[in-house]
Amino acid sequence: MDDHRISKILNNLIWTSVIMLGIWGIYLGILFYVNVLPTENKENQTNQAQKIQDQNPNTEQPKKYPKILTTSPIRGNPKAEITIVEFADFTCPYCAQAQPVLRQIQEIYKNRVKIVWKDFPLTGLRPDAKIMHIAARCAQAQNKFWDYHDLIFAHQNKISKQDYTSFALKLKMNGLEFNKCLDSKEKSDLIDQDIQEGLTLNITSTPEFYINNSRMSGLINVQEFQNMIDLELNK
């Protein structure tokens, strides 16, 4: 066999080997694409989703709602279907304007609505606000909270220190017990408890309302209350 023929056979073998390697390479590439890449992509997507969740830990946090405590003043039927929780400040003019609206709502819905009071004096704006809340809680100790509450709002712009006792006597309360409670500030913890709850709920102004679990801010008119209440009653 001459050298030329041997060289030709070797060249054919080389090219055959190259072609076979190429075919195997294509085959392995297809296997990798079909079996390996989807798994890696799925893992990458899972890792990316976990990373997003880690960066936003509050996205799935449950909503918070005010608690009705045994010490919370309640006006109306305690077993009413609709609960209106009001965070309010006795020195807030908008809170005073909300009171006739709330009374009208209770007249419309009768025993189906109750009002729950939460103390939220804005002492940063009005340093004397808290003492009014303490006085009302001292009245609560003699079962006169709502009567005292109404008197404070009725005289909101002209209350002096002497008026706290005058209101108590006007409501035929025990003046000595009332003054003792007021001077000791023993009810201060109840107000602080409501304030802390309000801060936890991110409340920064008054009035703030919860109609069952729906939140409304500011001065709400009768129709707006009715719309929300009817929505809750129809659930």
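The values are calculated or read from the model by the stated rules, or taken from the named source; none is laboratory data. Quantities reported herein were computed from a predicted structural model and do not represent experimental measurements. Here the Cβ positions follow ideal geometry from the backbone for every residue, glycine too, while neighbour counts run over all protein chains shown.
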Expected output for the stretch 176-205 (first residue without any contact (Cβ under 8 Å) to a residue 60 or more places away in the chain, partner surrounded by fewer than 13 Cβ atoms within 10 Å (Cβ to Cβ) and not aliphatic (A, V, I, L, M), Cβ below 6 Å, 6+ apart or cross-chain) is none
Residues in the stretch 58-81: is at least one over 30 Å from Leu190 (Cα atoms) and at pLDDT below 55?
yes
Of the residues that make up the stretch 181-200, is at least one buried (at least 18 other Cβ atoms within 10 Å of the Cβ), at pLDDT 95 or above and of a type in the set (Val, Ile, Thr)?
yes
Given (1) in contact with a helix residue (DSSP H, G or I) (Cβ under 6 Å, 6 or more places away or on another chain); (2) closer than 23 Å to Thr70 by Cα, Trp117 misses just (1)
Can you spot a residue in the stretch 204-214 that is surrounded by fewer than 15 Cβ atoms within 10 Å (Cβ to Cβ), out of contact with any Gly (no Cβ under 6 Å at 6 or more places or on another chain) and not hydroxyl-bearing (Ser, Thr, Tyr)?
yes
Tally up the residues in the stretch 155-164 that are closer than 18 Å to Lys185 by Cα, surrounded by fewer than 16 Cβ atoms within 10 Å (Cβ to Cβ) and not basic (Lys, Arg), please.
2
If Ser205 satisfies all but one of (1) in contact with a Ser or Thr (Cβ under 8 Å, 6 or more places away or on another chain); (2) in a helix (DSSP H, G or I), what's the number of the condition it fails?
(2)
Does Asp163 satisfy the condition of being among the charged types (D, E, K, R) and under 22 Å from the mean Cα position of the chain (by Cα)?
no
If I filter the stretch 173-196 for residues that are out of contact with any Gly (no Cβ under 8 Å at 6 or more places or on another chain), under 22 Å from Ile108 (Cβ atoms), outside any helix (DSSP H, G or I) and not hydrophobic (A, V, I, L, M, F, W, C), do I get at least one hit?
no
Any residue that is closer than 26 Å to Gln226 by Cα and among the β-branched types (Val, Ile, Thr) - is there at least one of those in the stretch 114-130?
yes
Residues of the stretch 65-124 satisfying the condition of being on the phi > 0 side of the Ramachandran plot and buried (at least 20 other Cβ atoms within 10 Å of the Cβ)
Gly76
